[in-house]
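In what follows, a single structure is set out as structure tokens and then discussed.
Just so it is clear, none of the values below were taken in a lab; they were calculated from the coordinates. Keep in mind it's a predicted model, so treat the numbers as computed, not measured. Note that each Cβ is placed from the backbone with ideal geometry, even for glycine, and that neighbours are counted across all protein chains shown.
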Amino acid sequence: MFAKTAAFPLFATPVWGFDLPEDQAGPINARLLDLLERWFTPRPALKPGETWQTTHDLHEREEFAPLLPFVQAAVDSVLEALAVRDRAWLITGCWANINPAGGFHPPHIHPNNLISAAYYLRIPREADAIVFHDPRPQAQLLRPVSTRVVPETQAEIQIEAKPGRMVLFPSWLRHSVRPNYGNEERVSISFNVMLDDYAATNSAPMWRGFREDGSRA
């Protein structure tokens, strides 16, 4: 009937995943988990659903240093995939998240940055995903019943979270973490990256976490 047909994947949103070798992720994660256990002992009080978060200078800590080469390689790979011309970049904020039972992250973005990421230290089976939300609200105006899953039309897409995995995504992409329905704490690290010439004044996180003494910064 047709001389030629084609489907064009217009305006695709890439998300990248990098798994560290198990023999290297294990010691790195153990070292960071030990730091966080000391940081949050005793645990500061939280309201239901809240999450413990460190200050956003975690990448400057000695314990983070073994992870930096993997961060460097992952970010460089993403910038290469995006064909960015001037690739000098820096981390504008890096912090740890501890989700207790019931803890979650509502849908949000990371303003004033180019790339954001999550790296996983401890993931219970009941909270083993990061959820990405379709950034085109108008795409959900009409949703016919589907006979199969079509990734290009889903309103939400989950990516498995597991220890040693690093997930990078555009900072403007809305994402969330559903409530931790287990009893084990979910522990991850988040960081933002910006190109050097953008980062001087606009990219620092606009919130403050807990200091090591349990007080809020």
Checklist outcome for this item: Tilt, helix 22-39 to longest principal axis of the chain (alpha-carbon atoms), in degrees rounded to tens, equals 50
Checklist outcome for this item: The FRET efficiency for Q140 and E160, from their Cβ-Cβ distance with R0 = 22 Å and rounded to 0.05, is 0.40
Checklist entry - What translational D, rounded to a whole number of µm²/s, comes out for the chain from Stokes-Einstein when the hydrodynamic radius is the Kirkwood one over Cα pairs, at 4 °C and 1.567 mPa s? => result 69
Item to check | Distant-in-sequence amide H partners of D19 (H built 1.01 Å from N, under 5 Å) | outcome: M166
Checklist entry - Over the Cα atoms of region 95-201, how large are the radius of gyration and the largest Cα-Cα distance (Dmax), in Å? => result 15.4, 49
Checklist outcome for this item: Applied in sequence order to region 145-152, the curve 6.51 cos²θ - 1.76 cosθ + 1.60 (Karplus, θ = phi - 60°) yields integer Hz couplings, x standing for Gly and Pro, of 5, 9, 9, 7, 6, 10, x, 5
